[in-house]
């Protein structure tokens, strides 16, 4: 081993150089010196908000070739000032998870397994069922007071729904006459 | 949040997270903020760095306790007794902020002579009907100030056809409609500002809370008198003109059969100390999900419509007039309810809504009682409800008494599940716990299940409303993969198809769908534009121009608005929720980041940050004040925030006789959504379980209520069905208290966290926390297995023996508590039994939220498998004689 090579050892650099804790330059190799974070290679950086708790930490979503490559806290937020908790920091895994279901699944009554179903067909079938169940359980009156409603259809939403989504949901359900419309907010 | 709504007029956090750093003392109770809201907790740490005292009251010693100046261990569910003890310390030692209390609260109001307190009636207030289990609040009313009050009210009533209609507390969850508008009192009422009249609120309050002595607090909560005194000392010495204290809470208060009243007790305490509406003060409601606040503001809830307008009730509301009459014309901005209601109907039914047809009021379905999620599950089990949408929600794990949830889903005709991952609520028919025990058989379950994959938060644009009422917009980063779609797209598409299929129908029941305003601009992919929806929510004027404030809304149908409290979020045709000016370019209030309802006000009721004469209480706590010189001497409210007041209303303004709505707000009435302009120490109306908080035991408790013969909240909503057996209180079979909670590394029912490798690795399996004393008593070994049993089921978890859970001494006995994180279920990367399966269903009568505290047994070892499990639990029920009618109080 030549002297030059020996002086290049991280431990030697740590003891002899300025980086006594070995957490900066001393720990770097020729290769790691040339590495750069994924965030630098992003085509686009998109502003978002963490979907977990209600602190509402601002996120930066890094996108390359149409794929999310990283999600980090946005320093500009007056609430979070760039920080994310373990869940927020893991949100790239939330959106890129290999176990995410990306195809419609359908279980026939009394069946033991899932089947495939085309999305368009599924939405059409659901619309038919809404119309049928709505009519079957329609009620104009209860105790001779007008109610104009159906008690056959219920909904329970999570509180990661957007305001715009909740708005359309409540609007459509109300027009259907469905009243058992609920949300995690009660749970 | 009726606890806050009935106290102050709006059901939202009164302050913002950053402002916690201005507090001189912070009391965190019913929340493990450092672990459940870690990033928000930085503002508590900022306050601490500036010298603030931080107090944590919680059954467990957690990371929040670890950095607090004082941790006070408490028996789960006994918070009213502890807070009541603090109220008593303040009142019996004259430590209240008297000027604030007299001017800004209803302390001076005189209450009807026939009002009787729980002290007189052994735990009941006057007006209780044992038949219905409900209160008639008439005897809690304000005494009118004069003949004029009575005449005004009669005149207002006569403007409507039909008789008078009060008594809203009888209506199902009506109190939730006080999210942005207080309960409608008949009149402002007579006041005695010396606070000496024995019938005034202040004196009633003093007598009511006198019972909560340090000794009683110890007996109920297991808190030593010295600790209570230290907390009282910290709060009172850090409140007043120069100093302020803040409270933080989360579901540790909401999820109880007395949850709304726990929050009420904190509200009373903060009002007595003069801490509402002031910097470094307030009550920070910490919401657990990205848009819980948004989900109540624009609700998907059975009892309210956007902006907390009540869903019409068939008994009272058969016309637009009847719908708004309780509130219309009352003092304050809620008095303009007709403008908000008509504008909503216009946004729903557009041109079809005209003055001639009551703006399509009749298109609204009516409620007739409790249609909340738990009642609905029962309806499913009984075959009365056959179709169910689950949209980003996993009740098989996340809802209490999970077995009832799964039995309900197994009785449906069809179920639509929209989620990111294959959650337990989608697979209950295949691998749920009841399949294992044989209680359900896959081939016998007739439920047709559609699993529709959803888009994530980065695959769609839209807004969340976070914990401080702030709407923040997310831009879309990427397209959703495969069949994944946003819920916005799904509901738009579903509505469009239903309308197409019904087109041409002449059936009257289809008119609301066919007349629905359902035209939204689409992008290239055929998805509706979320900004167009936000614009509709914001509201528009006669020519389609965007409105900038709810004060522009009209009752004549010329304006439309999808959620009146959000009016202004699209002011100037700009998405104000998308504002992202960095904090280093703004002051701490950061008014140009996102948009906060109402009217971008960051601290609510901030008129109270000034003294009655309009000057700041102190230089140190200066926030919003009256500038008499402004506007050429006409005067104006000004300061660091948008004033939460009529901007040009002078502090000495006295409303004219017979004034209505905003005109009836006096210059010293900071609570502009209340129908009397004051904050309520005593709630003459609006709460189902009493005008003042009172300690009752949880439905399942190992101890007798030491305060009254009345053991439980008499108005609690019970679910007395075979699927929801209740453990008898004071039972040797279920001698311990359990409570559930969250971990930093998982999110609620786990669908968004148990599926992620990083998080699954950090918290790989369910566990229970027990004290060394309990471990010894039951032979539990650290790291070994334990089985936790209630009358509903038994679950297993790893044992963590830790002094973080303290054995609490109550009188001459100890009470042991078992701590259970509730995130697990059978699916995902990390799996385990679900703690919510243990929880019983007994609900708060105001909001129908379950009690997360119960009693249990705990034994070493794993639970039985298969049908042996049901037999094991049945044996417990037999031993506790649960099938026999038990003593009920």
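Fewest neighbouring Cβ atoms within 10 Å first, the residues B:745, B:382 line up as B:382, B:745.
Rounded to the nearest 500, the 222 nm mean residue ellipticity of chain A from helices alone is -8500 deg cm²/dmol, with -39,500 (n - 2.57) taken per DSSP H run of at least 4 residues.
Using the alpha carbons alone, the radius of gyration of region B:275-374 stands to its Kirkwood radius in an Rg to Rh ratio of 1.04.
If we count other beta carbons within 10 Å of each Cβ, what is the order of A:48, B:7, B:319, B:295, fewest first?
Least crowded to most crowded, the residues run B:319, A:48, B:295, B:7.
Each principal axis of region B:609-671 carries a Cα extent, and these read 39, 26, 19 Å when sorted largest first. Which of rounded, prolate or oblate describes region A:105-186 when judged by the alpha-carbon gyration tensor and an a/c cut-off of 1.5? Note, shape of region A:105-186 comes out oblate.
In degrees from 0 to 90, rounded to the nearest 10, what is the angle of the helix A:119-136 Cα long axis to the longest principal axis of chain A? That works out to roughly 40 degrees.
For region A:105-186, what proportion of DSSP beta bridges, expressed in % and rounded to the nearest 5, is antiparallel? Mind dumping the intermediate values first?
Details: 6 of 11 bridges.
The antiparallel fraction comes to roughly 55 percent.
One equal scatterer on each Cα of region B:823-889, no solvent, Debye formula: the resulting log10 I(q)/I(0) at q = 0.14, 0.19 Å⁻¹ is -0.64, -1.07.
Shielding of B:396-402 by partners, i.e. mean partner chain Cβ atoms within 10 Å per residue?
Values: counts 0, 0, 4, 4, 1, 0, 0.
Whole-number average of other-chain Cβ neighbours for B:396-402 is 1.
For the residues A:22, A:152, A:82, a GNM of chain A with alpha-carbon springs under 10 Å puts the largest fluctuation on A:22. Size of chain B from its Cα atoms: along the principal axes, largest to smallest, the extents are 79, 72, 58 Å.
Against chain A, whose longest principal axis comes from its Cα atoms, helix A:163-176 is set at around 10 degrees.
So for chain B: antiparallel DSSP bridges make up what percent, rounded to the nearest 5? Taking every DSSP beta bridge with both residues in chain B, the antiparallel ones total about 50 percent.
So how do B:634, A:103 line up by other beta-carbon neighbours within 10 Å, fewest first?
Final ranking by Cβ density, sparse to dense: B:634, A:103.
Only beta bridges with both residues in the protein assembly as shown are counted; by DSSP, about 55 percent of them are antiparallel. I'd like the distance separating the alpha-carbon centroids of region B:275-339 and region B:198-254, in whole Å. Comparing the Cα centres of region B:275-339 and region B:198-254, I get a distance of 29 Å.
Per residue of peptide B:850-858, the mean number of Cβ atoms on other chains within 10 Å of the residue Cβ is 0.
Order the peptides B:654-663, B:475-484 from the highest to the lowest mean number of other Cβ atoms within 10 Å of their residues.
My ranking of the peptides, most packed first, is B:475-484, B:654-663.
When peptides B:390-399, B:784-793, B:613-622 are sorted by average Cβ neighbour count within 10 Å, with the highest value leading, the order is B:390-399, B:784-793, B:613-622.
Express the Stokes-Einstein translational diffusion coefficient of the protein assembly as shown in µm² s⁻¹, to the nearest whole number, given a Kirkwood radius over alpha-carbon pairs, 20 °C and a viscosity of 1.002 mPa s. D = 72 µm²/s.
To the nearest µm²/s, what D does Stokes-Einstein give for region B:1-84 at 20 °C and 1.002 mPa s, using the Kirkwood radius over alpha carbon pairs as Rh? The diffusion coefficient I find is 158 µm²/s.
Under 10 °C and 1.306 mPa s, how fast does region A:38-96 diffuse according to Stokes-Einstein, given a Kirkwood radius computed over C-alpha pairs? Answer in µm²/s, whole number.
Working: Rh = 11.3 Å.
Taking Rh from Cα pairs, D becomes 140 µm²/s.
Between A:141, A:33, A:165, the residue with the greatest mean-square fluctuation in the GNM of chain A (Cα pairs under 10 Å linked by springs) is A:33.
By the gyration tensor of its Cα atoms, with a ≥ b ≥ c the square roots of the eigenvalues, what is the shape of region B:717-879: rounded for a/c under 1.5, prolate for a/b over b/c, or oblate? It would help to have the intermediate numbers written out before the result.
Values: a/c = 1.39, a/b = 1.17, b/c = 1.19.
Rounded.
Rg/Rh for region B:195-260 (Cα atoms only, Rh after Kirkwood) is 1.02.
Expressed as a fraction of 2.2 N^0.38 Å, the value expected for a compact globular protein of N residues, the C-alpha radius of gyration of chain A is 1.71. Taken residue by residue and averaged, Cβ atoms of other chains lying within 10 Å of the Cβ of A:69-78 number 4.
Where only DSSP H runs of four or more residues are counted, chain B gives -7000 deg cm²/dmol as its mean residue ellipticity at 222 nm, each run worth -39500 (n - 2.57). Sorting B:820-826, B:695-701 by average packing, meaning the other beta carbons within 10 Å per residue, from highest down gives B:695-701, B:820-826.
As an exercise, use a Förster radius of 56 Å and the Cβ-Cβ distance of residue B:519 and residue B:66 to find the FRET efficiency, rounded to the nearest 0.05. Numbers along the way, then the final one.
Details: r = 55 Å, r/R0 = 0.99.
FRET efficiency, residue B:519 to residue B:66: 0.50.
Every number here is computed from the coordinates shown, using simple stated rules; none is lab data. Since the model is a prediction, treat every value here as computed from it, not as a measurement. When we count neighbours, we look across all protein chains shown, and the Cβ atoms used for this are built from the backbone with ideal geometry, even at glycine.
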